[in-house]
Amino acid sequence: MDKIVENQKTSGMKVLWNTSNLFTNPRFVAGAGTSPYADIFAYSAAQLKHSLEIGKRVGSENYVFWGGREGYESLWNTDMKREQEHAAKLFHMAKDYANEIGFDAQMLLEPKPKEPTTHQYDFDAATTIAFMKEYGLDKDFKLNLEGNHANLAGHTYQHEIRVARETGLLGSLDANQGDKLIGWDIDEYPSNLYETTAAMTEVVENGSIGPRGGLNFDAKPRRSSFEPEDLFYGHIVGMDSFAAGLRVAVAMKQDGVP
């Protein structure tokens with residue numbers, strides 16, 4: 001961490017957001033905040049505590065929660081209400097601790113309907129907003145939205161951004177796209193100008209991506225793109241696609257379209 005902070009000072013690089021991986025390790029097979037095991041909930045809270053402290057050290061503008069295992073495989077052995085209450089408690093605890101240590105970041109929840117679980121509690125923007133309002137999280141939390149996740153939920157990226165925008169809960173954006181013919185999260189670099197224009201139209205209407213939001217390229221080259229420079233080409237096409245989308249969105253607004 002000392003080396004990272006030192007390099008930040010010399011390079012001027014900032015951190016849009018950081019997060020905690022509460023889904024990859026087998027201990028999280030039944031969730032982190034929604035785990036039926038008290039020791040796993042406690043472990044998750046401790047890991048989250050450490051991650052928030054790192055966020056403060058690197059000056060993260062936002063902090064993202066993506067619940068890859070916060071859902072269920074089968075309703076027969078799931079107490080949905082209790083699990084969601086536990087998840088909300090963990091989020092409140094995280095915000096309280098961030099306040100305690102002076103970590104002034106915008107807290108963000110990232111919706112995704114499924115994968116790896118059969119059903120995730122933060123299914124889409126509307127579902128997540130209902131959860132936030134039910135448990136009093138909407139005062140401190142906003143949404144981090146991803147294009148590919150929107151498609152998995154049966155929505156366009158524009159739809160998800162519109163829902164967040166109209167409720168005042170748009171926080172930040174993960175910039176990627178999926179393949180409409182493939183039913184899983186493949187995180188392609190964004191290159192569809194129609195989709196980036198639609199997304200940036202919502203951003204223009206909102207006045208910004210969010211209080212401290214930005215574009216995070218949650219994307220990766222295809223497996224056949226194995227040359228190191230392909231990673232740079234991917235980022236370039238993503239940046240150019242969203243820049244072009246923003247220009248078109250601004251021109252449309254100036255022309256009174258739609």
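The values are calculated or read from the model by the stated rules, or taken from the named source; none is laboratory data. Here the structure is a predicted model, which means the values were calculated and not measured. Here the Cβ is made from the backbone with ideal geometry for all residues, glycine too, and neighbour counts use every protein chain on show.
Once segment 218-236 is narrowed to residues that are surrounded by fewer than 18 Cβ atoms within 10 Å (Cβ to Cβ) and either touching a Pro at 6+ places or on another chain (Cβ under 9 Å) or hydrophobic (A, V, I, L, M, F, W, C) (or both), the residue that is nearest to Gly168 (Cα to Cα) is Ile236. Screening Ser224 with (1) within 25 Å of Asn62 (Cβ to Cβ); (2) without any contact (Cβ under 8 Å) to a residue 24 or more places away in the chain; (3) of a type in the set (Ser, Thr, Tyr) gives one miss only, at (1). Reported count of residues in segment 140-195, each being assigned to a loop (DSSP other than H, G, I, E, B), among the charged types (D, E, K, R) and closer than 27 Å to Leu90 by Cβ, is 3. Can you tell me which condition Gly207 does not meet? The list is (1) closer than 20 Å to Gly67 by Cβ; (2) surrounded by fewer than 17 Cβ atoms within 10 Å (Cβ to Cβ), and all the others hold. Evaluating Gly207 over (1) closer than 20 Å to Gly67 by Cβ; (2) surrounded by fewer than 17 Cβ atoms within 10 Å (Cβ to Cβ) leaves (1) as the failure. Picking from residues in segment 248-258 that are loosely packed, with under 15 Cβ neighbours inside 10 Å and touching a residue at least 24 places away in the same chain (Cβ under 8 Å), the one that is nearest to Asp187 (Cα to Cα) is Val250. For segment 163-170, the criterion of a residue being surrounded by 14 or more Cβ atoms within 10 Å (Cβ to Cβ), of a type in the set (Ser, Thr, Tyr) and touching a Phe, Trp or Tyr at 6+ places or on another chain (Cβ under 6 Å) is satisfied by no position. Taking the criterion of being over 17 Å from the mean Cα position of the chain (by Cα) and among the aromatic types (Phe, Trp, Tyr), the only residue of segment 169-217 that qualifies is Tyr194. Only one of the listed residues (Gly213, Gly245) is closer than 28 Å to Leu108 by Cα, touching a residue at least 60 places away in the same chain (Cβ under 8 Å) and surrounded by 18 or more Cβ atoms within 10 Å (Cβ to Cβ). That residue is Gly213. Across segment 176-222, the qualifying residues are those that are under 16 Å from Glu146 (Cβ atoms) and of a type in the set (Lys, Arg), and the one among them that is modelled with the lowest pLDDT is Lys180.
Applying the criterion of being of a type in the set (S, T, N, Q) and free of Cβ contacts under 8 Å to residues at least 60 places away in the same chain to the residues of segment 23-47, the residue that is farthest from Glu73 (Cα to Cα) is Gln47. If you go through segment 122-154 and keep only what is under 14 Å from the mean Cα position of the chain (by Cα), in contact (Cβ under 8 Å) with a residue 40 or more places away in the chain and closer than 25 Å to Asn25 by Cα, you end up with Asp122, Asn144, Glu146, Asn148.
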